[in-house]
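> The structure is given below, and queries will be raised subsequently.
The values are calculated or read from the model by the stated rules, or taken from the named source; none is laboratory data. This is a predicted model, so every value here is computed, not measured. Every residue, glycine as well, gets a Cβ built from its backbone with ideal geometry; the counts of neighbours run over all protein chains shown.
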Amino acid sequence: MSNTPIAAVLPHRAHDLARLQTLARNGEPDVTITVIGKYNHGKSRLLNELIGQDVFAVADRRETVQLADTVQRNVRWLDAPGLDADVGSEDDRHAFHAAWLESDIRLFVHAAKEGELDAKERELLLELHADGARTQRQTVFVLTQIDQLADDTELDKVREAIVRQAPGVVLNAVSATRHRKGVEGAKLLMQERSGIPALQATLDAALGNVPQARAHERALLLDEIRAELNQFRDQCEATLASSLQTQLDQRQAFDSGLQAVIEQSAVKIETMLDSLGEDHAIKPDTAKDAYALTAGKLERAHIQIAYSRACIEIDGFLAGHGVVGLPGEQQTAARSLNSVMIAVLGVSVKFRKDLRRMFCEAAGRTRLQEQFTHYYELSADRQALVAQIEHTTEAIAAIERAFAALPALEPRT
């Protein structure tokens, strides 16, 4: 469907999008009139009298369980399932479709013999009037089967009760049965007293307002959707800009901070190494030195301590930036080895040349900077930020696709 890209961004607008597709359709009929009401309130019989033909099935039982329609004089007349359809059932969905997606004019039917509106009728009537105030779609209240009341006094009581429930509603009181008898007997006065001619005049006036109402509703819905898409795009672009700036700021802070820690460690290590005299560490211990404290052992311990101190300082910095462990694919069964420090620097350093190469030479410091930065970018926080940037970027692309789909909902010429 052409509105799928828009619905993907604004799923809560699905009904409005479906309505816009209806409004964008060309061809005949131009107008849809839907009769809405509970079962056995005379909806189908009323439509037959308004049309002048027995098109819709009439019965004393639940007859209309799906949409039934006919086209007369360039008007589509739609008979919907009753309001007392089971919630979530197929006929309930048909009733919703007819009332909200197809209709230009809604005939709200209530049988006079039932007295005042029940809670569901009143709720729907108020919703229809609120929709009319927003979209200019028209709802005409029809009080049917007035011939089944004892007299005009009883009719007045019903009118008063309904007006109290829905202030401002205009009631069109009719009797389809009385009208049919008047037509069959050629009794003009009976036809007039049936209320059907007056209702037909009301509908003729309503039909004249439909083109303006449709144009208003179409512009309203498209403007609302455009405004919502623009607002969403502005939010996403602001979020993306903020996320990219955060990504940049974090990286710059990490780069400069790590460089400072490595250089500080290098100065300490180089000062320590320069203070040493003869290199005893490179002299291998003999078998007789296995349990003796030799100069080589002391120097190697001294080197290891300097190395460990540098590791502690770097590790503390990394932890402060969320680098706390290796990525899952690099981890081993030995949990003690799943450390970024071990992955980059190894377990221990025994000789001056190795320590000097790691920290005191520019190439060594560059390697440390690059490898620690690699693990920083793989850390959970940085990966979450990358995912957020990707998600926001895709959201902006989806919004652009939604904008591109809007012209399909414009009226075709």
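> Please go through region 13-56 and pick out each residue that is among the hydrophobic types (A, V, I, L, M, F, W, C) and under 22 Å from Q200 (Cβ atoms).
Those that are among the hydrophobic types (A, V, I, L, M, F, W, C) and under 22 Å from Q200 (Cβ atoms): V31, I33, V35, I36, L46, L47, L50, I51, V55, F56.
> A follow-up question, please. Return only the number of the condition from (1) more than 22 Å from D381 (Cα to Cα); (2) at pLDDT below 90; (3) surrounded by 15 or more Cβ atoms within 10 Å (Cβ to Cβ) that L326 does not satisfy.
In the conditions (1) more than 22 Å from D381 (Cα to Cα); (2) at pLDDT below 90; (3) surrounded by 15 or more Cβ atoms within 10 Å (Cβ to Cβ), L326 misses (1) alone.
> Quick one: what pairs do we get from region 140-164, first residue free of Cβ contacts under 8 Å to residues at least 24 places away in the same chain, second in a helix (DSSP H, G or I), C-beta under 7 Å, 6+ apart or different chains?
Matching pairs, first to second residue: none at all.
> Of everything in region 168-181 that's in contact with a strand residue (DSSP E or B) (Cβ under 8 Å, 6 or more places away or on another chain) and not in a helix (DSSP H, G or I), which residue is surrounded by the fewest Cβ atoms within 10 Å (Cβ to Cβ)?
Once the filter is applied, the top-ranked residue is V170.
> Would you confirm, using the coordinates I've provided, whether Q259 is loosely packed, with under 14 Cβ neighbours inside 10 Å, in a helix (DSSP H, G or I) and in the same structural domain as Y307 (by TED's automatic domain parsing)?
no
> Quick one: is L222 farther than 13 Å from L23 by Cβ and crowded, with 16+ Cβ neighbours inside 10 Å?
In short, no.
> Now for a separate question. Quick check on region 137-167: of everything there that is among the β-branched types (V, I, T) and within 41 Å of the chain's Cα centre (by Cα), which residue is surrounded by the most Cβ atoms within 10 Å (Cβ to Cβ)?
So the residue we want is V142.
> Identify the single condition in (1) more than 24 Å from R76 (Cα to Cα); (2) surrounded by 14 or more Cβ atoms within 10 Å (Cβ to Cβ); (3) of a type in the set (A, V, I, L, M, F, W, C) that L203 does not satisfy, given that it satisfies every other one.
(1)
> Kindly list the number of the only condition in (1) on the phi > 0 side of the Ramachandran plot; (2) touching a strand residue (DSSP E or B) at 6+ places or on another chain (Cβ under 8 Å) that fails for Q136.
Tallying (1) on the phi > 0 side of the Ramachandran plot; (2) touching a strand residue (DSSP E or B) at 6+ places or on another chain (Cβ under 8 Å), Q136 fails exactly one: (2).
> Here is a further query. Within region 100-113, is there a residue that is of a type in the set (S, T, N, Q), part of a helix (DSSP H, G or I), in contact with a Leu (Cβ under 9 Å, 6 or more places away or on another chain) and touching a residue at least 40 places away in the same chain (Cβ under 8 Å)?
No, every residue in region 100-113 fails to be of a type in the set (S, T, N, Q), part of a helix (DSSP H, G or I), in contact with a Leu (Cβ under 9 Å, 6 or more places away or on another chain) and touching a residue at least 40 places away in the same chain (Cβ under 8 Å).
> Name the single residue that is farthest from P327 (Cα to Cα) among those in region 354-376 being in contact (Cβ under 8 Å) with a residue 12 or more places away in the chain and not hydrophobic (A, V, I, L, M, F, W, C).
By that ranking, first place goes to R356.
> Let me ask you something else. Please find, among A362, A333, A397, the residue that is over 27 Å from R300 (Cβ atoms), at pLDDT 90 or above and not assigned by TED's automatic domain parsing to the domain that holds L10.
Of the residues listed, the single one that is over 27 Å from R300 (Cβ atoms), at pLDDT 90 or above and not assigned by TED's automatic domain parsing to the domain that holds L10 is A397.
> Only one residue in H94, H41 is at pLDDT 70 or above, outside any strand (DSSP E or B) and in the same structural domain as R159 (by TED's automatic domain parsing), so which one is that?
Within the list H94, H41, the selection yields H41.
> In region 138-167, which residues are under 16 Å from L124 (Cα atoms) and either assigned to a helix (DSSP H, G or I) or among the hydroxyl-bearing types (S, T, Y) (or both)?
T139, I162, V163, R164, Q165
> One residue is enough: does region 17-36 have a residue meeting the conditions modelled with pLDDT of 85 or more and over 32 Å from the mean Cα position of the chain (by Cα)?
yes
> Continuing with this model, one more query. Name the residue, out of E184, E228, E192, that is surrounded by fewer than 19 Cβ atoms within 10 Å (Cβ to Cβ) and at pLDDT 95 or above.
Residue meeting the stated conditions: E228.
> Any residue in region 120-134 that is touching a residue at least 40 places away in the same chain (Cβ under 8 Å) and acidic (D, E)?
yes
> Is at least one residue of region 190-199 in a loop (DSSP other than H, G, I, E, B), of a type outside the set (D, E) and touching a Phe, Trp or Tyr at 6+ places or on another chain (Cβ under 6 Å)?
no
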